[in-house]
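Colleague: Have a look at this one before I ask anything.
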Amino acid sequence: FHETPNIDRLAREGMRFDNAYSTCHVCSPSRASILTGKYPARMDLTEWLGGRPERAFEKLHSARKLMSLPDEEITLAETLKKHGYATANYGKAHLRKDPRTYGFDEAITGWVRSYYHPFSPQYSKTLPAKKGDYYTDKLTDAALDFIERNKDRPFFVHLEHFAVHDPIQGRRDLVEKYRKKLAGMPAAKGPGYILEPNPDGPSLSAEELKALEKNDVLKVHQEKRVWWVKQRQDNVEFAGMLEATDESLGRIRAKLEELGLSENTIVIFTADNGGMSASNQYRGINHPRRQLDSRFASSNLPLRGAKGWNYEGGIRVPTIAWWPETIKAGTTNNHQWYFGDVMASAAELAGTPAPEDINSDSFVPTLRGRPPEKEWSRKSHLYWEFYERGSAQAVRFGKWKAIRSPMFSGPIQLYDLSADPNENNNYAARRPKLVEHAANLLNKLHEADPNWKAPRSYH
């Protein structure tokens, strides 16, 4: 349904990572990890900053939260700036402080109330616009201006498009395009939404889920930790947002080519978490289509789950790297990459040391078509920890992935992602020794690794 010619071109001419992960199923921890090269729990930053209030139906209180990325963290911007780079951060930084605090020379960031001007009060001076201007386009204008002004020196542009985050509001011309496209398509088969249990909730039988489908009551679903999950790509507003973002990528590449910078510039395209296929503010499915489209943005199929979940649909993300004359065009890599690896990689490319005591492996050899030059510091695992609302952990080791909720004491779900990327088959009962290994690994990653700072306790 979606049309993304520039992203498709980037994949054809670059390297696609098919096992790429965000460091959290929500935004702020992932963004902090890109900037620090660390797992979010090491910074006591496992929730989106600001977070949400306690809810009576939740069995656990949220952990005590930081309100911003700690000042003592050494960031990617600071590391590159010391090496002569001009640095800029545009868009959804979502770390609760002006990005210039973290080493950026320039910043245009803040929340967006509308994708059409006026975007929100904080942009009135930083992002000049007029009636009818679309936020994604104006943010791209700012990035292009920065590149133009810094074309004769090294630069790092951290362009964090607010799209495709809500409010789900596509550019009007593109929304109309997709409205016509949807009208001309045959009727979709199968359900538009299915009811699924969040992995941090209780295990439910097929019969229990079927009964909950009929009992579509907010309080009941909250107590059982079940959510409706979108199964189709047919949201015309979301499609319009996505194509506008795709156009932004095309404009940036065109500017690099115009200035003769393409061969000496790396572009990395990714997303901060999985798509919002489960509503971020609960809506049962017995609502008008316009209301549903404002809450259920997309579908992550064939991956299970959504933003806010530790299933693959919440944490596995599209990632493409483009570097002409270096990356072999059209390559696919199964390397288990995550956001923290940007730090070590960028430092290596810039010829400067990365900060010490980070969870980051350089993927530069991978981009050059070679195997890693040293044993990975992460011991070939990826780790997720989320305290808020349900308390959950997950770890990927080799082809296996384990999810445990609540932390420390809950049952473990075990999936073979090589054979079952949809996470439909829980192997826990069949592989007790592997479950024991996963439990030990989760415990070690939380508290016992000598390179690991023990996170806060939760209450």
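The values are calculated or read from the model by the stated rules, or taken from the named source; none is laboratory data. Small disclaimer: the values here were computed from a predicted structure and weren't measured. Here Cβ is always computed from backbone atoms with ideal geometry, including for glycine, and neighbour counts include all displayed protein chains. Please note that ligands, DNA and RNA were not included when accessible areas were found on the heavy atoms of the full protein model with its side chains. Shrake-Rupley method; radii C 1.70, N 1.55, O 1.52, S 1.80 Å.
Colleague: Just checking, which of Lys255, Lys230, Lys210, Lys219 is among the basic types (Lys, Arg), open to solvent by 30 Å² or more (accessible area, probe 1.4 Å) and within 28 Å of the chain's Cα centre (by Cα)?
Modeller: Working: Lys230 fails: open to solvent by 30 Å² or more (accessible area, probe 1.4 Å); Lys210 fails: within 28 Å of the chain's Cα centre (by Cα); Lys219 fails: within 28 Å of the chain's Cα centre (by Cα).
Only one candidate qualifies: Lys255.
Colleague: Can you pull out the helices (runs of 4 or more DSSP H) entirely within the stretch 202-313 that have at least 3 residues that are modelled with pLDDT under 95? Steps first, please.
Modeller: Values: elements: 206-214, 218-224, 236-258, 289-295.
Counting at least 3 such residues, we get 206-214, 218-224, 289-295.
Colleague: Tell me which of these Ser114 doesn't satisfy, since it passes every other one: (1) open to solvent by 10 Å² or more (accessible area, probe 1.4 Å); (2) small (Gly, Ala, Ser); (3) in a helix (DSSP H, G or I); (4) modelled with pLDDT of 95 or more.
Modeller: Of (1) open to solvent by 10 Å² or more (accessible area, probe 1.4 Å); (2) small (Gly, Ala, Ser); (3) in a helix (DSSP H, G or I); (4) modelled with pLDDT of 95 or more, only one is false for Ser114: (3).
Colleague: Also: Only one residue in Pro167, Pro191 is open to solvent by less than 50 Å² (accessible area, probe 1.4 Å) and either under 23 Å from Arg295 (Cβ atoms) or part of a strand (DSSP E or B) (or both), so which one is that? If you could, list the steps in order and put the result at the bottom.
Modeller: Values: Pro191 fails: open to solvent by less than 50 Å² (accessible area, probe 1.4 Å).
Going through Pro167, Pro191 in turn, just one is open to solvent by less than 50 Å² (accessible area, probe 1.4 Å) and either under 23 Å from Arg295 (Cβ atoms) or part of a strand (DSSP E or B) (or both): Pro167.
Colleague: Which one of the conditions (1) surrounded by fewer than 19 Cβ atoms within 10 Å (Cβ to Cβ); (2) under 30 Å from Phe146 (Cα atoms) does Arg289 fail to meet, given that it meets all the rest?
Modeller: With (1) surrounded by fewer than 19 Cβ atoms within 10 Å (Cβ to Cβ); (2) under 30 Å from Phe146 (Cα atoms) applied to Arg289, the lone miss is (2).
Colleague: Further question: If you go through the stretch 359-367 one residue at a time, do you hit one that is surrounded by 15 or more Cβ atoms within 10 Å (Cβ to Cβ), in a loop (DSSP other than H, G, I, E, B), touching a strand residue (DSSP E or B) at 6+ places or on another chain (Cβ under 7 Å) and modelled with pLDDT of 90 or more? Talk me through it step by step, then tell me what you get.
Modeller: So in the stretch 359-367, the residues surrounded by 15 or more Cβ atoms within 10 Å (Cβ to Cβ) come out as 359-367.
Retained after the next criterion (residues that are in a loop (DSSP other than H, G, I, E, B)): 359-363.
Then drop every residue that is not touching a strand residue (DSSP E or B) at 6+ places or on another chain (Cβ under 7 Å), which leaves 363.
Applying the additional criterion that residues be modelled with pLDDT of 90 or more yields 363.
So far as the stretch 359-367 goes, yes, one or more of its residues are surrounded by 15 or more Cβ atoms within 10 Å (Cβ to Cβ), in a loop (DSSP other than H, G, I, E, B), touching a strand residue (DSSP E or B) at 6+ places or on another chain (Cβ under 7 Å) and modelled with pLDDT of 90 or more.
Colleague: Here is a list: Arg16, Arg42. Which entry is open to solvent by 10 Å² or more (accessible area, probe 1.4 Å) and at pLDDT 95 or above? Please lay out each step first, then the result.
Modeller: Details: Arg42 fails: at pLDDT 95 or above.
After applying the criteria, what remains is Arg16.
Colleague: How many of the residues in the stretch 394-415 are at positive phi and in contact with a helix residue (DSSP H, G or I) (Cβ under 8 Å, 6 or more places away or on another chain)?
Modeller: Going residue by residue through the stretch 394-415, those that are at positive phi are 398, 408.
Applying the additional criterion that residues be in contact with a helix residue (DSSP H, G or I) (Cβ under 8 Å, 6 or more places away or on another chain) yields 408.
Residues meeting the conditions: 1.
Colleague: Is there any pair with a first residue in the stretch 423-444 that is surrounded by 11 or more Cβ atoms within 10 Å (Cβ to Cβ) and a second that is part of a helix (DSSP H, G or I) whose Cβ atoms are under 8 Å apart and which are 6 or more apart or on different chains, and what are they?
Modeller: What qualifies is Glu423/Glu312; Tyr427/Leu434; Ala428/Val435.
Colleague: If I ask for residues that are open to solvent by 20 Å² or more (accessible area, probe 1.4 Å) and either at pLDDT below 95 or under 23 Å from the mean Cα position of the chain (by Cα) (or both), which ones from the stretch 132-150 would you list?
Modeller: Asp137, Lys138
Colleague: So which of Arg153, Arg172, Arg225, Arg179 ends up being open to solvent by less than 40 Å² (accessible area, probe 1.4 Å) and not acidic (Asp, Glu)? Spell out the reasoning first.
Modeller: Details: Arg153 fails: open to solvent by less than 40 Å² (accessible area, probe 1.4 Å); Arg172 fails: open to solvent by less than 40 Å² (accessible area, probe 1.4 Å); Arg179 fails: open to solvent by less than 40 Å² (accessible area, probe 1.4 Å).
Of Arg153, Arg172, Arg225, Arg179, the one residue that is open to solvent by less than 40 Å² (accessible area, probe 1.4 Å) and not acidic (Asp, Glu) is Arg225.
Colleague: Here is a list: Arg96, Arg171. Which entry is of a type in the set (Lys, Arg), touching a Ser or Thr at 6+ places or on another chain (Cβ under 6 Å) and farther than 30 Å from Glu423 by Cα?
Modeller: Details: Arg171 fails: touching a Ser or Thr at 6+ places or on another chain (Cβ under 6 Å).
Only one candidate passes the filter, namely Arg96.
Colleague: For the stretch 258-281, which residues satisfy the criterion of being touching a Pro at 6+ places or on another chain (Cβ under 7 Å) and open to solvent by 20 Å² or more (accessible area, probe 1.4 Å)?
Modeller: Filtering the stretch 258-281 down to residues touching a Pro at 6+ places or on another chain (Cβ under 7 Å) leaves 262-263, 270-271.
Of everything in the stretch 258-281, those that are touching a Pro at 6+ places or on another chain (Cβ under 7 Å) and open to solvent by 20 Å² or more (accessible area, probe 1.4 Å) turn out to be Glu263, Thr270, Ala271.
Colleague: Show the residue pairs that are 6+ apart or on different chains and have beta-carbon atoms under 6 Å apart, the first residue being within the stretch 189-218 and over 20 Å from Gln413 (Cβ atoms), the second being among the small types (Gly, Ala, Ser) and assigned to a loop (DSSP other than H, G, I, E, B).
Modeller: Close Cβ pairs satisfying both conditions: Asp216/Gly284.
Colleague: Name the pairs: first residue in the stretch 66-90 and closer than 14 Å to Leu159 by Cβ and open to solvent by less than 50 Å² (accessible area, probe 1.4 Å), second residue assigned to a helix (DSSP H, G or I) and not hydrophobic (A, V, I, L, M, F, W, C), Cβ to Cβ under 7 Å, at least 6 apart or on different chains?
Modeller: Note: pairs meeting the criteria are Ala77/Tyr102; Thr87/Lys81; Asn89/Pro99.
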